[in-house]
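Participant: Handing you a structure now.
The values are calculated or read from the model by the stated rules, or taken from the named source; none is laboratory data. Everything numeric in this text was worked out from a predicted model, so none of it was measured. Ideal geometry is used to build each Cβ from the backbone, glycine not excepted, and the neighbour counts take in all protein chains shown. Quick note on the areas: whole protein, heavy atoms, side chains included, nothing else; ligands and nucleic acids left out. Shrake-Rupley method; radii C 1.70, N 1.55, O 1.52, S 1.80 Å.
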Amino acid sequence: MRTGVVVLTVAGLLGAAAPAAVAAPPRNAVQEQLDALVGRFPAALASVTRGGRTVSLVAGSARLGSRVPVPADGRVRAGSNTKTFTAVVVLQLVAEGKVELDAPIERYLPGLVPGGAAITVRQLLQHTSGLPNYTEYLGLEDIAKLQHRYFEPHELLATAFAHPARFAPGTKWEYSNTNYVLAGLLIERVTGRPVAEQITERVIRKAGLRNTYWPAVGDQDIRGPHPHGYARSGGPDGPVLDVTELDPSWGWAAGQLISTPADLASFSRALLGGRLLPAAQLAEMRRTVDAPILPGWRYGLGLFRVPLTCGGEYWGHGGDIHGYETRGGATDDGRAVGLAVTALPGTFGNADEGAQAVLSTVDAAFCR
């Protein structure tokens, strides 16, 4: 455990009282809301940094149907948080003069993208390209059939490009994982190196993230302490499966990373603090367009701007992948939150209510 990190648990579950040295504030609304997530999700994990102090909190059980302690700051699949890491590498290449944000992707990946002469690198990173989202066509709702299936990046693109564009480039915002598979291929074409290596060297190590890694080809496990993740296969009445062991290749540069709540929060702080990008590129990353997911949400280049109920906003991303949902980010004044639950909303109970409960817990961690 890192120096200066305090761990809180659900005392009733683990059969022990919280450490006497822990002051009341970290135990307040954040722990209560984390506890309240249990039932909608088997387990919840959070990391909260305020005033230079980081607190790790857990609730629930690491295994469904058993009382197994949740590892403090355990590793989880980070899903689409990977997009921010990918965007950072692209923007580093922009700073190095190797990529132009407003150049067409056709320049870097000639002949690959339908309509690529009219789609810019910026539009890929900002989800304004109009390209169809391949994940809508893979059949991921039936995870029992795809849990151990390996996908090659060009196979994902072929799935997307079998369908027409959603809209003309630059005319609206619509989330598409296809954009970030292309961003990963752009990185590989420009650097001549694997995207996994580039993200590891340029972002993970530079930010000092000790518990974040890109699973190698064929690696279906989660290394180190981790709670199990669960998914319902084949619709709302389908069986609940343990999907901790999973081939994440269908996410690739859009969603393959494994991390922890604390590392994801630290990454957001490092990014906003200017440790990963020059000021000019960080400013480009924070130039946003309306992202009509929830009121007030906006999207930059691989980065959401999310309003807080206490005023201001935080910057982050979040990720959904079978077995895990992650949310959080950081504020300009140094607050940071990482939250993970061990199922997607709707696996147990109402999906909208579950998703809102997660977001409310993140808001409470920033505001209270």
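Participant: Condition check: touching a residue at least 24 places away in the same chain (Cβ under 8 Å) and open to solvent by 10 Å² or more (accessible area, probe 1.4 Å). Does residue 94 satisfy that?
Facilitator: When the stated conditions are applied, residue 94 passes them.
Participant: Filter segment 221-252 down to the residues that are under 15 Å from residue 139 (Cβ atoms) and among the basic types (Lys, Arg) and list them by number.
Facilitator: If the condition is that a residue be under 15 Å from residue 139 (Cβ atoms) and among the basic types (Lys, Arg), then 232 is the only one that fits.
Participant: Which ones in segment 303-329 are surrounded by 20 or more Cβ atoms within 10 Å (Cβ to Cβ) and either over 22 Å from residue 341 (Cα atoms) or hydrophobic (A, V, I, L, M, F, W, C) (or both)?
Facilitator: 303, 304, 306, 315, 321 - these are the residues of segment 303-329 that are surrounded by 20 or more Cβ atoms within 10 Å (Cβ to Cβ) and either over 22 Å from residue 341 (Cα atoms) or hydrophobic (A, V, I, L, M, F, W, C) (or both).
Participant: A further question on this structure: Can you tell me which residue among 134, 175, 180, 150 is touching a residue at least 40 places away in the same chain (Cβ under 8 Å), within 19 Å of the chain's Cα centre (by Cα) and open to solvent by 10 Å² or more (accessible area, probe 1.4 Å)?
Facilitator: Step by step, each of 134, 175, 180, 150 is checked, and only 175 is touching a residue at least 40 places away in the same chain (Cβ under 8 Å), within 19 Å of the chain's Cα centre (by Cα) and open to solvent by 10 Å² or more (accessible area, probe 1.4 Å).
Participant: Next question. Any idea how many residues of segment 244-257 are surrounded by fewer than 24 Cβ atoms within 10 Å (Cβ to Cβ) and in contact with a Phe, Trp or Tyr (Cβ under 7 Å, 6 or more places away or on another chain)?
Facilitator: Residues flagged as surrounded by fewer than 24 Cβ atoms within 10 Å (Cβ to Cβ) and in contact with a Phe, Trp or Tyr (Cβ under 7 Å, 6 or more places away or on another chain) within segment 244-257 amount to 2.
Participant: Show me the helices (runs of 4 or more DSSP H) found entirely inside segment 124-208 where at least 2 residues are among the β-branched types (Val, Ile, Thr) and within 20 Å of residue 257 (Cα to Cα).
Facilitator: 177-191, 195-199
Participant: On the basis of being under 15 Å from the mean Cα position of the chain (by Cα) and either at pLDDT below 95 or in a helix (DSSP H, G or I) (or both), does residue 355 make the cut?
Facilitator: yes
Participant: Additional query: Determine whether segment 339-349 contains at least one residue that is assigned to a loop (DSSP other than H, G, I, E, B), open to solvent by 60 Å² or more (accessible area, probe 1.4 Å) and modelled with pLDDT of 95 or more.
Facilitator: Checked segment 339-349: no residue is assigned to a loop (DSSP other than H, G, I, E, B), open to solvent by 60 Å² or more (accessible area, probe 1.4 Å) and modelled with pLDDT of 95 or more.
Participant: Which one of the conditions (1) under 20 Å from residue 42 (Cβ atoms); (2) in contact with a strand residue (DSSP E or B) (Cβ under 9 Å, 6 or more places away or on another chain); (3) surrounded by fewer than 24 Cβ atoms within 10 Å (Cβ to Cβ) does residue 236 fail to meet, given that it meets all the rest?
Facilitator: With respect to (1) under 20 Å from residue 42 (Cβ atoms); (2) in contact with a strand residue (DSSP E or B) (Cβ under 9 Å, 6 or more places away or on another chain); (3) surrounded by fewer than 24 Cβ atoms within 10 Å (Cβ to Cβ), residue 236 is out only on (2).
Participant: Residues in segment 246-293 that are assigned to a helix (DSSP H, G or I) and among the basic types (Lys, Arg): how many?
Facilitator: The total comes to 1.
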